[in-house]
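Encoded as structure tokens, the structure appears first; notes follow it.
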Amino acid sequence: MSTVLQWMALAVSLACAGWRLPAAVKGRNTSLFWMFVLLTVAVGLSIPAIYLTVDGWLGGVNVANLLIRFSLYAIFFILASKMAAAHRSRRSQWLIRGPVGLAALGLVAAATLVFFVISDLPVSNTGLAGYSEQWSVQGYAVAGRLYPAYAAAVLVGPTAAAARTAARAINRASAALLCLAFIMVVLATLAQISTLPLKPFIDVMSYGSIVCVAAGLALVWASFRGRPHAPPVKRPAAQ
Amino acid sequence: MSVPAKAFQQWLHRCAPGLSSAEVCRIAGIKRSTLAQQMVRGKVSISTIVSIARALGLDVVGALAGFEKYQDLPDGAAQPTAAELISQVSDMDLLREILSRQGSTENPPPPAGSTFPRDWALAPLPHRTSVRCWIDAVGPVDLRQRIAKEAAIAPQNLSSQISANRLAPDLAIVAARIAGVGLTNGLVVTGTITSVEAGWMPGSRTAALQAMPSAALVTLAAGRLENLGRTLRRFDADNEQAAALWENLG
């Protein structure tokens, strides 16, 4: 089940990167293209066959895992910045790109690096599962979850509001899918760092969130493609 | 909103015994697939019956009364009140009327008690906010809640319909019944039947408008413009929201 989900998520990520390529070439929202490239890297590296190969190229000391973490931070920073701006949430923009958001990102990145350096990780091991008894690896895992959960939590409010209030059904549907994705990210983190009985669903929530984000963005794109040229919504005639 | 397919078939057999379904659809301008779908679902819509009755040259209200749930429509029909008639004058016609009443040296206002001269016709029914204006004009303040309760629908669904200038025919009849006005009047404001089919006096809207004192007319128009302003602001906000979404994620 987990392997199928992983390959499915990789295919979705790759397809999304390919889908954003023409727009990126034209200079439109290039950060979204790079976000999907990073997502493809992160999802690909979570698959043992790919991880072990790539980590072997990088010296076989699990640097590939660090690459996953920093890819995820970049992905969530880009996604959250874009989402907050797209939903015109000043509070969310401040919480992501403002001093608080940047401090959170810097702290988590620094903590991740420190935990990685002080851990003893001599041999490639997917997900560092073989080193989970080390306290520093446990700290590294928690730190890796914190920033994505923080960014996702910031976005739940604006996307939930848009799911209720957006004028077009397609935009409401996309906001609902994105909101669901962010809720799943938060719940997956809670499942990892708390005693809530959610552990069996961690994989489903993690990869399900990727599928929901991709589907939500695809709906935004469909809405964008089908937009009236000007103005976006026909103004009612003052009959 | 609909009648049982069996009752519809019996009605059609009574009204047009020699016509096949295909012929009925052709003369009434209904797609055959539409009628077939309604028959399969077992529910035929009021608009289908109205279209067929019109095509057959029947009295539309009388045709609806051929169905059990609408049999009291002819007896419950009544001329619209002045408030109902004014509610069916569009915003722009109200403004036009105000402008036409403004006296000038060439065109002084008529003496009190006489009507204002006018050389333009009112826009046809229904107008952009016919349903909302009618509900506001006929109702006690809790009319919406009572309609929702009586028809057993969620108040949000009723609000959505009214905002979209729609009201299911059954709800329009329920509203008229609660408000104590002519039962067919709600069908007129929703565009289900015409004012002529409902038996409204020709020119009654114009007469009601002309009889309205200028102060009341200006107050009404101000209220309508305020509502229009709110609607336009909401549309602008929706546009800005969509534009931001497309700009950042499109």
Item to complete: Kindly indicate whether A:Val123 is β-branched (Val, Ile, Thr), surrounded by fewer than 21 Cβ atoms within 10 Å (Cβ to Cβ) and either within 14 Å of chain B (Cβ to nearest Cβ) or not in a helix (DSSP H, G or I) (or both).
Response: yes
Worksheet item: among the basic types (Lys, Arg), at pLDDT 90 or above and more than 20 Å from the chain's Cα centre (by Cα), is that true of A:Arg97?
Response: no
Worksheet item: Where residues in the stretch B:235-250 are under 12 Å from A:Ala85 (Cα atoms) and facing another protein chain (nearest Cβ under 7 Å), which of them is modelled with the lowest pLDDT?
Response: B:Leu249
Worksheet item: On the given criteria, is A:Ser31 over 30 Å from A:Val137 (Cβ atoms) and either small (Gly, Ala, Ser) or in a loop (DSSP other than H, G, I, E, B) (or both)?
Response: yes
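Quick check on the stretch A:186-193. Is at least one of its residues touching a residue at least 60 places away in the same chain (Cβ under 8 Å), more than 22 Å from A:Ile78 (Cα to Cα) and away from every other protein chain (no Cβ under 12 Å)? I'd like the intermediate steps shown before the answer.
Residues of the stretch A:186-193 touching a residue at least 60 places away in the same chain (Cβ under 8 Å): none.
No, there is no match, as no residue in the stretch A:186-193 is touching a residue at least 60 places away in the same chain (Cβ under 8 Å), more than 22 Å from A:Ile78 (Cα to Cα) and away from every other protein chain (no Cβ under 12 Å).
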Item to complete: Would you please name the residue that is nearest to A:Leu219 (Cα to Cα), looking only at residues in the stretch A:86-109 that are surrounded by fewer than 20 Cβ atoms within 10 Å (Cβ to Cβ) and within 14 Å of another protein chain (Cβ to nearest Cβ)?
Response: A:Arg88
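Just to be sure I understand, how many residues within the stretch B:118-145 are within 23 Å of B:Leu85 (Cβ to Cβ), of a type outside the set (Val, Ile, Thr) and over 18 Å from the mean Cα position of the chain (by Cα)? Can you show your working first?
Start the filter on the stretch B:118-145 by keeping residues that are within 23 Å of B:Leu85 (Cβ to Cβ), which leaves B:118-141, B:143-144.
Among the residues that remain, those that are also of a type outside the set (Val, Ile, Thr) are: B:118-128, B:130, B:132-134, B:136-137, B:139-140, B:143-144.
When the remaining residues are screened for being over 18 Å from the mean Cα position of the chain (by Cα), the result is B:118-121, B:140.
Matching residues across the stretch B:118-145 total 5.
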Discussion item. I need a count of the residues in the stretch B:200-230 that are within 14 Å of another protein chain (Cβ to nearest Cβ) and touching a residue at least 60 places away in the same chain (Cβ under 8 Å).
Written reply: 5
Response to the item:
Note on the stretch A:144-155: residues surrounded by fewer than 24 Cβ atoms within 10 Å (Cβ to Cβ), within 14 Å of A:Val108 (Cα to Cα) and modelled with pLDDT of 90 or more are A:Leu146, A:Ala149, A:Tyr150
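The values are calculated or read from the model by the stated rules, or taken from the named source; none is laboratory data. Quick caveat: nothing in here was measured; it's all calculated off a predicted structure. Heads up, the Cβs are rebuilt from the backbone with ideal geometry, glycines too, and the neighbour counts pull from every protein chain shown.
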